[in-house]
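Have a look at the structure below before the remarks.
Bear in mind that the values in this text are calculations on the coordinates, not laboratory data. Note that the structure is predicted; figures quoted are calculated from it, not measured. Neighbour counts run over all protein chains shown; Cβ positions are idealised from the backbone, glycine included.
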Amino acid sequence: MTQETTPQMPENGLITGMGAALVDLFVAVSEEELTALGSPKASMSLIDAAQSSALQEKLTVDTHQPGGSIANSIAGMAALGMATGFIGKIGDDDLGRVFADAFAKEHVRFPVTPMSGVPTGHCLVLVTPDAERTMHTVLGASVTTAVHDLDAPLLADTGLLFGEGYLWDSPSARAAFLAAAEKVRGRGGKVAFSLADGLCVARHHEAFMALLGDIDIVLANEAEIKALLGTDDPDDIAEKIDAYDVMAAVTFGADGAHLFDKQARAHVPAQKLTADEIVDLTGAGDQFAAGFLAGLHQGMSIEAAATMGIDAASAVIRHIGPRPPLG
């Protein structure tokens with residue numbers, strides 16, 4: 001790696017993400033094939049490795065891409081020239097190498113020991129002709145992150161830690177994130193947290209409300225913030241979030257993003273795109289987070305950082321996949 005191609009760590013440190021390490025396997029299916037598989041259209045179901053293998057015997061995987069919400073955001077930040085790292089677990093298998101190789105090409109620090117006997121987390125994405133996605137997910141190694149997986153040199157270099165609500169579905173991953181957050185904040189760094197999805201918020205509502213007192217930045221869409229605070233009205237959000245020493249960035253789809261903290265409040269409109277320009281909405285939220293956090297980490301105002309986030313989200317939905325293309 002040369003100095004010209006490798007992001008150099010700034011004085012305020014790396015942005016390090018912690019979340020699920022997944023690989024998405026895309027399969028084009030007809031409506032009839034989907035019905036024959038017995039998969040409810042547009043659903044997401046958890047399956048085990050044996051079920052995944054059985055499905056793959058009946059299907060033809062067209063392409064695969066590394067995924068996972070926080071991992072997608074970290075890839076986006078790397079594409080923006082930020083120095084980044086990632087904490088997560090993969091299996092010692094071909095899909096694990098796909099995931100790790102993508103981060104290596106993006107110069108993301110990913111100190112990991114692949115697990116033997118546990119598959120890399122992956123998602124079979126069945127795409128029908130109307131572009132609807134039906135997903136079957138194997139969590140595998142992705143939910144096994146634990147405190148002993150934390151890399152001390154990586155955390156020592158981290159100025160901003162970014163985690164996701166799904167970590168709370170794994171007791172060991174939750175403990176690892178809280179331990180990492182304590183170390184980063186103890187050194188003067190900041191912690192950002194994505195609410196993940198409304199159902200995740202419902203599962204862990206009390207814990208997430210308590211977490212607002214221990215993080216610096218929370219990211220959500222309108223459904224997630226409503227699940228957390230009981231409202232998606234920007235004025236009500238501002239009033240409720242004011243009780244906490246936390247910045248909030250809430251995306252509202254075509255209405256753009258609303259930003260809240262004790263010093264400032266802002267609204268940044270979404271870019272106006274035609275239907276022909278919108279190819280794939282997957283990853284829009286992940287890349288908004290990438291641009292927004294990258295902007296904040298560089299010292300931008302919340303409004304300028306949100307504009308950077310909307311630019312990143314608008315760019316990713318113009319092509320297939322949740323990450324900026326390599327190269």
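Candidates are the residues of region 102-125 that are part of a strand (DSSP E or B) and not basic (Lys, Arg); the one that is farthest from Gly67 (Cα to Cα) is Met115. Ala220 meets the conditions (1) under 22 Å from the mean Cα position of the chain (by Cα); (2) surrounded by fewer than 16 Cβ atoms within 10 Å (Cβ to Cβ); (3) under 15 Å from Ala192 (Cβ atoms) in every case but one. The failed one is (2).
The residue that is farthest from Pro111 (Cα to Cα), counting only those in region 138-152 that are touching a Lys or Arg at 6+ places or on another chain (Cβ under 9 Å) and surrounded by fewer than 17 Cβ atoms within 10 Å (Cβ to Cβ), is Ala146.
Against the criterion of being in a helix (DSSP H, G or I) and within 15 Å of the chain's Cα centre (by Cα), Phe99 qualifies.
Give the residue that is surrounded by the most Cβ atoms within 10 Å (Cβ to Cβ), with candidates limited to residues of region 91-100 that are closer than 15 Å to Gly68 by Cβ and not aliphatic (A, V, I, L, M). Among residues in region 91-100 that are closer than 15 Å to Gly68 by Cβ and not aliphatic (A, V, I, L, M), the one surrounded by the most Cβ atoms within 10 Å (Cβ to Cβ) is Phe99. Scanning region 241-248 finds one or more residues that are under 22 Å from Ala312 (Cβ atoms), surrounded by 14 or more Cβ atoms within 10 Å (Cβ to Cβ) and touching a His at 6+ places or on another chain (Cβ under 9 Å).
For region 113-137, give me each residue that is of a type in the set (A, V, I, L, M), in contact (Cβ under 8 Å) with a residue 60 or more places away in the chain and crowded, with 20+ Cβ neighbours inside 10 Å.
Leu124, Val125, Leu126
If I filter region 62-79 for residues that are in contact (Cβ under 8 Å) with a residue 12 or more places away in the chain, in contact with a Gly (Cβ under 7 Å, 6 or more places away or on another chain) and hydroxyl-bearing (Ser, Thr, Tyr), do I get at least one hit? Scanning region 62-79, I find at least one residue that is in contact (Cβ under 8 Å) with a residue 12 or more places away in the chain, in contact with a Gly (Cβ under 7 Å, 6 or more places away or on another chain) and hydroxyl-bearing (Ser, Thr, Tyr), so the answer is yes.
Test of understanding: among Pro114, Pro119, which residue is within 30 Å of Glu32 (Cβ to Cβ) and touching a helix residue (DSSP H, G or I) at 6+ places or on another chain (Cβ under 6 Å)? The unique qualifying residue is Pro119. Hey, can you tell me all the residues within region 141-162 that are acidic (Asp, Glu) and outside any helix (DSSP H, G or I)? Correct list: Asp151, Asp157. Going through (1) in contact with a Gly (Cβ under 6 Å, 6 or more places away or on another chain); (2) buried (at least 24 other Cβ atoms within 10 Å of the Cβ); (3) more than 28 Å from His64 (Cα to Cα) one by one, Gly159 falls short only on (2).
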